[in-house]
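K.L.:
So that we are looking at the same thing, I have put the structure below in structure tokens.
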Amino acid sequence: MPAVPSKKLYIKTYGCQMNVYDSARMADVLAPLGYASTEDAAEADFVILNTCHIREKASEKVYSELGRLRRLKDKGAAEGRRVIFGVAGCVAQAEGAEMVRRAPMVDLVFGPQTYHRLPELVARLDGGARGLVDTDFPADSKFDRLPEESAPDGANRGPAAFLSVQEGCDKFCSFCVVPYTRGAEFSRPVADIVAEAQRMAAGGTREITLLGQNVNAYHGAAPDGATWGLGRLLRRLAEIEGLARLRYTTSHPRDMDAELIAAHRDEPKLMPYLHLPVQAGSDRVLQAMNRKHTAEDYRRLVGALRDARPDLALSGDFIVGFPGERERDFADTLRLVTDVGYAQAYSFKYSPRPGTPAAGVAEQVPEEAKSERLAALQQLLGEQQLAFNRAKVGSRMSVLLDRRGKRAGQLLGRSPWMQSVPVAAPARLLGTLAEVEIVEAHANSLIGRVVTTGDEGHTGDLSESDTEAA
Ligand code: 5AD
Ligand code: SF4
């Protein structure tokens with residue numbers, strides 16, 4: 001018998017898609033304890049901030065947010081209600097006990113690896129405990145302990161959803177906190193992933209994005225006794241009926257093996273879009289970043305991927321102003337961007353993260369140079385993005401209509417290349433794949449018109465066109 005929801009849970013999620021997935025799983029863990037999710041923090045009995053440590057001053061921002069939310073705790077107390085405050089995710093992992101010391105209003109601090117223990121932690125809080133901290137990297141994986149998605153409609157995660165397959169990172173890029181906050185690489189077993197994907201497909205999910213900090217390092221135990229890489233896993237997931245599209249993010253160039261490249265050639269459900277961060281284009285800088293690849297390795301890899309899948313579009317991450325980066329190193333980055341051609345990218349000024357090797361390097365780049373380089377890089381990337389989008393005008397593509405639009409009668413969809421595509425369409429097409437003609441391109445979206453081939457609105461017909469168009 002599921003408990004009748006009597007309490008309200010509010011989770012605010014920061015940062016990456018991994019956190020979005022984790023927040024959904026936290027809600028699943030707490031549902032049997034009677035917590036129903038709410039979008040309104042003011043009515044919550046349990047407030048969780050699921051934090052991200054990747055951006056600058058991440059911890060400070062969490063402390064300010066806690067300051068702002070304090071009034072909810074006071075308001076609850078005035079009404080005779082205890083409002084529990086929890087901080088989760090990578091800032092929680094990094095701050096640990098310091099968090100409850102600096103913000104005594106926080107009842108619970110727990111890391112990305114321990115939220116399967118929430119029931120036990122909440123029971124202790126209900127018993128009167130305060131200031132609990134659980135930031136272990138436990139030997140028992142959370143994935144083994146988590147319940148299946150909360151029934152009856154817990155598997156209904158929407159038309160496009162995430163599935164976490166791998167966590168942690170052993171790469172230790174010298175600027176990055178992830179290996180410290182998320183711990184060592186861990187891959188979920190194949191059977192668990194397939195079962196979760198089957199439940200998602202049965203609940204109406206058409207597109208799954210496999211998640212991992214370093215997802216293409218995936219090496220999971222398979223039912224055949226072997227260890228499967230990501231390419232093999234993708235091929236298995238592609239067999240699931242109802243699933244039309246697969247993606248994965250984020251990848252390290254070093255872990256792009258032949259089998260995964262072959263999956264891009266052979267598997268039409270695998271979308272022609274890949275987030276493959278290179279960070280910089282200078283070998284000197286790449287070496288100082290401990291990236292374990294050269295710019296030429298990356299160029300060759302992109303060439304092999306495009307041989308396998310000629311319409312593959314690339315996305316990336318870049319850091320400018322890494323310690324020791326000179327003008328000519330930065331020029332190498334611009335050249336690499338020009339050669340590769342990105343459909344979309346994220347770019348950042350380097351900023352030191354306490355505890356990472358690069359933070360202690362003396363040769364930091366002046367702020368002004370960082371700003372200039374970032375502006376130049378973003379100009380180039382912006383031009384590439386617009387050119388990529390414009391090249392789609394006049395073409396037809398399959399679009400997964402996965403959200404309602406801002407206006408009535410409008411749905412928002414995703415192209416195979418991750419472009420956002422608003423179209424005029426009736427609500428009954430939500431969750432289906434439609435053949436769309438692109439009529440206009442902007443920097444961040446394509447405007448489309450649903451092409452009414454065959455039986456309009458017959459979702460089966462529309463969806464079958466997807467694999468061909470992709
Ligand atoms: N400074 C700037 N950018 C960083 N990133 C990670 N750490 C830092 C840092 N210290 C960027 C990288 C990574 C993305 C998620 O965030 O480009 O790929
Ligand atoms: Fe961080 Fe990615 Fe490097 Fe791992 S591979 S250390 S997650 S930047």
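The values are calculated or read from the model by the stated rules, or taken from the named source; none is laboratory data. Keep in mind that this is a model prediction, so the values were computed, not measured. Don't worry about glycine lacking a Cβ; one is built from the backbone with ideal geometry, like all the others, and counts go over all protein chains shown. The protein model used for the area step is the full one, side chains on, heavy atoms only, and it has no ligands, DNA or RNA in it. Shrake-Rupley method; radii C 1.70, N 1.55, O 1.52, S 1.80 Å.
K.L.:
Rounded to whole Hz and in sequence order, give me ³J(HN,Hα) for segment 316-322 from the Karplus expression 6.51 cos²θ - 1.76 cosθ + 1.60, θ = phi - 60°, writing x for Gly and Pro.
P.N.:
Result, rounded to whole Hz: x, 10, 9, 10, 10, x, 4.
K.L.:
What FRET efficiency comes out for the pair LYS61/ASN156, r = Cβ-Cβ distance, R0 = 30 Å, nearest 0.05?
P.N.:
About 0.40, to the nearest 0.05.
K.L.:
Under the classification rounded if a/c is under 1.5, otherwise prolate if a/b is larger than b/c and oblate if not, where does segment 7-134 fall, given a ≥ b ≥ c as square roots of the Cα gyration tensor eigenvalues?
P.N.:
On the way: a/c = 1.36, a/b = 1.17, b/c = 1.16.
Since a/c stays below 1.5, the shape of segment 7-134 is classed as rounded.
K.L.:
Through the Karplus equation 6.51 cos²θ - 1.76 cosθ + 1.60, θ set to phi - 60°, convert the phi angles of segment 349-365 into ³J(HN,Hα) values in whole Hz; use x for Gly and Pro.
P.N.:
Ordered by residue, 3J(HN,Hα) equals 7, 4, 9, x, 10, x, x, 9, x, 5, 5, x, 6, 5, 7, 6, 7 Hz.
K.L.:
With both bridge residues required to lie in the chain, what share of the DSSP beta bridges run antiparallel, to the nearest 5%?
P.N.:
35
K.L.:
Please find the FRET efficiency linking ARG71 to ARG101, where r is the Cβ-Cβ separation and R0 is fixed at 22 Å, and quote it to the nearest 0.05.
P.N.:
Values: r = 21 Å, r/R0 = 0.97.
Computed FRET efficiency for ARG71 and ARG101: 0.55.
K.L.:
Treating only the Cβ of Lys, Arg, Asp and Glu as charged (+1, +1, -1, -1), what charge dipole size does the chain show about its Cα centre? Round to the nearest 20 debye. Please list the in-between numbers first.
P.N.:
Values: 59 positive and 63 negative charges, 230 e Å.
Dipole size: approximately 1100 debye.
K.L.:
Quick one: how many Å² of CYS52 are accessible to a 1.4 Å probe, rounded to 10?
P.N.:
Here the residue's solvent-accessible area equals roughly 30 Å².
K.L.:
Assuming 0.36 nm per residue, please report the length gained on full extension of the stretch SER351 to GLU367 beyond their Cα-Cα distance.
P.N.:
Going from the current span to full extension adds 4.8 nm.
K.L.:
Full-extension gain between THR338 and ASN444, please, as 0.36 nm times their residue separation minus the C-alpha to C-alpha distance.
P.N.:
Additional length available on full extension: 36.2 nm.
K.L.:
Quick check: Cα centre of segment 297-341 to Cα centre of segment 32-70, how many Å?
P.N.:
36
K.L.:
Using θ = phi - 60° and the Karplus relation 6.51 cos²θ - 1.76 cosθ + 1.60, list the HN-Hα couplings for segment 213-226 in order, rounded to whole Hz, with x at every Gly or Pro.
P.N.:
4, 9, 5, 7, 7, 3, 8, x, 5, 10, x, 7, x, 8
K.L.:
Let me ask another. Hey, if we sort GLU383, GLU95 by accessible area with the 1.4 Å probe, largest down, what's the order?
P.N.:
Result, largest first: GLU383, GLU95.
K.L.:
What percent antiparallel are the DSSP beta bridges of segment 173-264, to the nearest 5?
P.N.:
Bridges in segment 173-264 are about 40 percent antiparallel.
K.L.:
Please list, by residue number, everything in segment 72-99 whose backbone N is under 18 Å from a paramagnetic label point 7 Å out along Cα→Cβ of ASP126.
P.N.:
Under cut-off, by backbone N: 81-86.
K.L.:
Ordering ARG236, ARG428 by how much accessible area each has at a 1.4 Å probe, largest first, what is the list?
P.N.:
ARG428, ARG236
K.L.:
While we're looking at this one, here's another question. Shape call for segment 295-390 from the C-alpha gyration tensor, a ≥ b ≥ c root eigenvalues: rounded (a/c under 1.5), prolate (a/b greater than b/c) or oblate?
P.N.:
Details: a/c = 2.35, a/b = 1.74, b/c = 1.35.
It comes out prolate by the Cα gyration axes.
K.L.:
Also: Once the other residues with Cβ under 12 Å from the Cβ of VAL100 are scored (Lys, Arg +1; Asp, Glu -1), what is the net sum?
P.N.:
Local charge sum for VAL100: -1.
K.L.:
Next question, about the same structure. With both partners inside segment 7-134, how many of the DSSP beta bridges are antiparallel, as a percent to the nearest 5?
P.N.:
Antiparallel bridges make up about 0 percent of those DSSP assigns within segment 7-134.
K.L.:
Taking amide H atoms as placed 1.01 Å from N in the peptide plane, list the residues 5 or more away in sequence, or in a different chain, whose amide H sits under 5 Å from that of LYS8.
P.N.:
ALA36, ASP45, PHE46
K.L.:
Let me ask something else about it. Any idea what the relative contact order of the chain is, in percent, if you count C-alpha pairs under 8 Å spaced at least 6 apart?
P.N.:
Numbers: 951 pairs, mean separation 43.5, N = 470.
Over the chain, the number comes to 9 percent.
K.L.:
Using the Cα gyration tensor of the chain, with a ≥ b ≥ c the square roots of its eigenvalues, what is the shape: rounded (a/c below 1.5), prolate (a/b larger than b/c) or oblate (neither)?
P.N.:
Values: a/c = 1.58, a/b = 1.14, b/c = 1.38.
Oblate is the answer for the chain, as a/c is 1.5 or above yet b/c matches or exceeds a/b.
K.L.:
Now for a separate question. Subtracting the Cα-Cα distance from 0.36 nm times the residue separation, let me have the gained length for GLU259 to ALA331 in nm, one decimal.
P.N.:
Length gained, GLU259 through ALA331: 22.6 nm.
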